[in-house]
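Just below is one structure, and these are the notes that go with it.
The values are calculated or read from the model by the stated rules, or taken from the named source; none is laboratory data. Keep in mind that this is a model prediction, so the values were computed, not measured. Every residue, glycine as well, gets a Cβ built from its backbone with ideal geometry; the counts of neighbours run over all protein chains shown. We work out accessible area using only protein heavy atoms, side chains counted, and drop any ligands, DNA or RNA first. Shrake-Rupley method; radii C 1.70, N 1.55, O 1.52, S 1.80 Å.
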Amino acid sequence: MKTATFAGGCFWCIEAVLKETEGVLEATSGYAGGEEKNAKYSEVSTGKTDHREAVQLKFNPETVSYSELLDIFWKNIDPTDPDGQFADKGFQYTTAIYFHNEKQRKQAEESRQRLENSGRFEKPIATVIEEFTTFFPAEEKHQDYSKKNPGRYKRYKKASGRESFLKESQS
């Protein structure tokens with residue numbers, strides 16, 4: 001079992017798509033990076049910390065590779081927005097790939113370069129690649145949010161602009 005950590009704006013949306021990926025054994029919403037000794041939604045969501053909303057995965061690399069997870073991540077964010085994701089703005093909603101070892105760092109950098117070279121986006125890629133430091137699981141009410149609150153989740157995803165962006169960018 002290996003670990004991967006991605007910040008893609010609202011953790012509900014990234015958790016939902018990655019959790020459904022074959023080979024992903026666990027997907028935990030939480031808060032990554034930051035210097036604080038702990039993180040809570042009430043602080044992170046208001047930008048009072050230097051954590052990002054993120055999802056940490058435990059995955060079976062024999063079923064899904066880290067490179068495949070990177071591809072899924074890129075397809076589910078706007079990697080060109082330096083200010084957050086869709087309706088959610090602020091550092092806490094900016095995108096990042098947190099590498100856990102040198103192999104992940106190299107794969108993340110190569111995948112970002114492929115995306116830049118693809119011509120898919122006119123603006124530069126704003127997603128950062130940083131060494132993993134900390135991860136704090138989010139409160140229970142945020143775990144599996146798309147399953148626990150499917151109506152609210154669907155409305156949020158649509159109202160935030162993520163749903164329409166994904167449809168347009170993948171067509």
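What net charge do the residues around Glu53 carry, taking every other residue with its C-beta under 11 Å from that of Glu53, with Lys and Arg at +1 and Asp and Glu at -1? Intermediate results must be reported in sequence, preceding the final value.
On the way: positive: Arg52; negative: Glu15, Asp88.
Spelling it out: positives minus negatives among the neighbours equals -1.
Could you derive backbone 3J(HN,Hα) for the stretch 109-125 from the dihedral phi with the Karplus parameters 6.51, -1.76 and 1.60 (θ = phi - 60°), listing whole Hz in sequence and x where the residue is Gly or Pro?
Working through the residues one at a time gives 5, 5, 5, 5, 5, 4, 5, 4, 6, 5, x, 5, 10, 7, 8, x, 6 Hz.
Considering the chain as a Gaussian network with a 10 Å cut-off on Cα pairs, which listed residue, Ala39, Ala126, Ala54, attains the greatest mean-square fluctuation?
Sorting by GNM fluctuation, first place goes to Ala126.
Could you size up the charge dipole of the chain around its Cα centre, putting +1 on the beta carbon of Lys and Arg and -1 on that of Asp and Glu, and report it in debye to the nearest 20?
Values: 26 positive and 28 negative charges, 114 e Å.
Dipole of the chain, to the nearest 20 debye: 540 debye.
Would you mind telling me the share, in percent, of accessible area of the stretch 12-127 contributed by carbon and sulfur at probe 1.4 angstrom?
Carbon with sulfur: 45 percent of the solvent-accessible area.
When the dipole is taken about the Cα centre of the stretch 96-171, and only Lys, Arg (+1) and Asp, Glu (-1) are charged at their Cβ, what size is it in debye, to the nearest 20? Working shown, then result.
Working: 17 positive and 12 negative charges, 115 e Å.
Result for the stretch 96-171 is approximately 560 debye, rounded to the nearest 20.
Compute the relative contact order of the chain as a whole-number percentage, counting only Cα pairs closer than 8 Å that sit 6 or more residues apart in sequence.
Numbers: 327 pairs, mean separation 50.7, N = 171.
The normalised contact order for the chain reaches 30 percent.
Short version: ³J(HN,Hα) in whole Hz for each residue of the stretch 8-15, in order, from phi by Karplus 6.51 cos²θ - 1.76 cosθ + 1.60 (θ = phi - 60°), x for Gly and Pro, what are they?
Residue by residue, the stretch 8-15 yields x, x, 4, 5, 4, 6, 6, 4 Hz.
From Cα pairs below 8 angstrom and at least 6 apart in sequence, can you work out the relative contact order of the stretch 65-146, rounded to a whole percent?
Values: 77 pairs, mean separation 26.6, N = 82.
32 percent.
Given H placed 1.01 Å from N in the peptide plane, which residues other than close sequence neighbours of Ile129 have an amide H under 5 Å from its amide H?
Ile97
Could you tell me which label, among (i) 45, 37, 33; (ii) 49, 33, 29; (iii) 38, 34, 30, carries the value of Cα extents along the principal axes in Å calculated for this structure?
Here the calculated entry is (iii).
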